[in-house]
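Worksheet: the structure to be examined is printed underneath.
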Amino acid sequence: MQKRQHTVPRCYLQHFTDADGFVWVLDTKDKIFRIKPENILVENHFYTITLKNGEKSVIVEDTLAKIEGEYSTIFEQKLSKDIFLTAEERAKVSIFIAALYLRTSPYRESLKGAFTQLKTGMEDWKKQFEANPHAKRMAQNTPSSGDSITLGELDQYLDNFNEEHSVSMITQLPKIAQIIFDMKWSIWKDKNNNFVTSDNPLVLLRPLSIKRYGPNAIGSRPGLLFKDVELTLPLSKDRLLLAGWILNEDSYFSVEGDKVRNINYRTITHSSKKVITKSKKDAEAVRDRYTETKDKQNE
């Protein structure tokens with residue numbers, strides 16, 4: 001059984017290596033170190049699930065491995081050579097992107113935090129409800145839709161959250177991938193190989209709404225179906241995907257300078273614990289420019 005499982009796939013990270021096959025990492029303690037892609041962003045049994053008979057299964061990990069293999073082939077044969085994809089190839093890349101969006105450790109922790117907050121809110125509401133006899137009588141006379149979740153069910157879900165997330169990730173893939181497939185795609189190319197990535201590489205941002213409402217406002221929160229949303233994902237040190245609904249058409253587009261720096265700003269400030277670059281010099285530049293990147297707002 002495969003014990004060590006990547007939260008960000010090795011086949012993806014290898015496109016950010018130096019000439020010797022290493023990536024350079026900046027962590028939250030401002031430590032910079034050099035490491036092989038196969039040895040970073042790995043957790044034991046991150047996707048392993050327990051079957052009804054009690055046996056452990058790596059079916060989720062195996063599914064992700066198949067998705068990664070298909071993506072790697074398409075990247076090498078098409079995306080790295082500025083060749084437009086067939087519908088089938090685009091679908092496979094969309095599935096890879098959707099998986100990368102759902103599978104990371106920061107995404108899992110964020111989702112778990114949301115459910116924990118829900119539990120706390122339900123517990124508070126229960127205490128207030130039980131102290132109010134009038135509210136109890138009204139509730140008894142109100143028909144139920146049958147779609148609610150109980151505190152007990154929520155407790156059980158949180159107790160087994162990691163495995164629940166692994167399973168739900170696979171069930172969500174088709175829907176998320178279809179949305180990404182339908183967007184317009186622009187592949188940005190940097191001849192200077194300056195794109196960086198992170199432990200949370202896919203960023204959703206609504207720049208127009210941020211300008212209108214502010215970076216932390218409800219009206220500017222990102223989501224795949226918002227008309228002004230931009231999805232950015234570094235694909236390699238010289239390739240980045242920009243996807244959205246208001247782009248004119250699919251394209252390959254050369255960029256440098258400020259455009260690369262601005263996109264890297266998004267990637268860096270959405271990282272959780274690690275920023276990944278191709279060189280020590282690049283990692284030092286990130287360290288010198290950014291402090292407590294998770295608390296910064298995006299441009």
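The values are calculated or read from the model by the stated rules, or taken from the named source; none is laboratory data. This is a predicted model, so every value here is computed, not measured. Cβ placement follows ideal geometry from the backbone for every residue including glycine, while neighbour counts extend to all protein chains displayed.
A few points about this structure:
- Condition broken by residue 126, with the remaining ones in (1) part of a helix (DSSP H, G or I); (2) within 21 Å of the chain's Cα centre (by Cα); (3) more than 20 Å from residue 177 (Cβ to Cβ) satisfied: (2)
- The set of residues in the range 156-170 being among the hydroxyl-bearing types (Ser, Thr, Tyr) and either outside any helix (DSSP H, G or I) or over 16 Å from the mean Cα position of the chain (by Cα) (or both) consists of 157 alone.
- One residue stands out in the range 82-95 among those that are part of a helix (DSSP H, G or I) and closer than 14 Å to residue 186 by Cα: the one that is farthest from the chain's Cα centre (by Cα), namely 90.
- When residue 50 is tested against (1) without any contact (Cβ under 8 Å) to a residue 40 or more places away in the chain; (2) more than 30 Å from residue 254 (Cα to Cα); (3) in contact with a strand residue (DSSP E or B) (Cβ under 7 Å, 6 or more places away or on another chain), just one condition goes unmet, and that condition is (1).
- The residues in the range 10-50 that are farther than 27 Å from residue 165 by Cβ and aromatic (Phe, Trp, Tyr) can be counted, and the count is 3.
- Some residue of the range 179-191 being within 30 Å of residue 120 (Cβ to Cβ), touching a residue at least 60 places away in the same chain (Cβ under 8 Å) and not β-branched (Val, Ile, Thr): no
- Any hit, the range 173-187, residues being surrounded by fewer than 17 Cβ atoms within 10 Å (Cβ to Cβ), under 18 Å from the mean Cα position of the chain (by Cα), basic (Lys, Arg) and within 28 Å of residue 95 (Cβ to Cβ): yes
- One residue from 171, 150 being under 30 Å from residue 76 (Cβ atoms), among the polar types (S, T, N, Q) and free of Cβ contacts under 8 Å to residues at least 24 places away in the same chain: 171
- Considering only residues in the range 80-105 that are within 23 Å of residue 40 (Cα to Cα) and out of contact with any helix residue (DSSP H, G or I) (no Cβ under 9 Å at 6 or more places or on another chain), the one that is surrounded by the most Cβ atoms within 10 Å (Cβ to Cβ) turns out to be 104.
- Long-range neighbours under 8 Å by Cβ, at least six apart or interchain, first residue in contact (Cβ under 8 Å) with a residue 12 or more places away in the chain and surrounded by fewer than 19 Cβ atoms within 10 Å (Cβ to Cβ) within the range 263-277, second among the basic types (Lys, Arg) and not in a strand (DSSP E or B): 272/294
The rows are residues; the columns are (1) on the phi < 0 side of the Ramachandran plot; (2) at pLDDT 95 or above; (3) hydrophobic (A, V, I, L, M, F, W, C); (4) surrounded by 18 or more Cβ atoms within 10 Å (Cβ to Cβ).
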{"site": "141", "(1), (2), (3), (4)": "yes, no, no, no"}
{"site": "162", "(1), (2), (3), (4)": "yes, no, no, no"}
{"site": "217", "(1), (2), (3), (4)": "yes, no, yes, no"}
{"site": "224", "(1), (2), (3), (4)": "yes, yes, yes, yes"}
{"site": "243", "(1), (2), (3), (4)": "yes, yes, yes, yes"}
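- The range 7-51, residues that are aliphatic (A, V, I, L, M) and touching a helix residue (DSSP H, G or I) at 6+ places or on another chain (Cβ under 6 Å): 13, 23, 26, 32, 49
- The single condition among (1) more than 29 Å from residue 286 (Cβ to Cβ); (2) in contact with a strand residue (DSSP E or B) (Cβ under 7 Å, 6 or more places away or on another chain) that residue 40 does not satisfy is (1).
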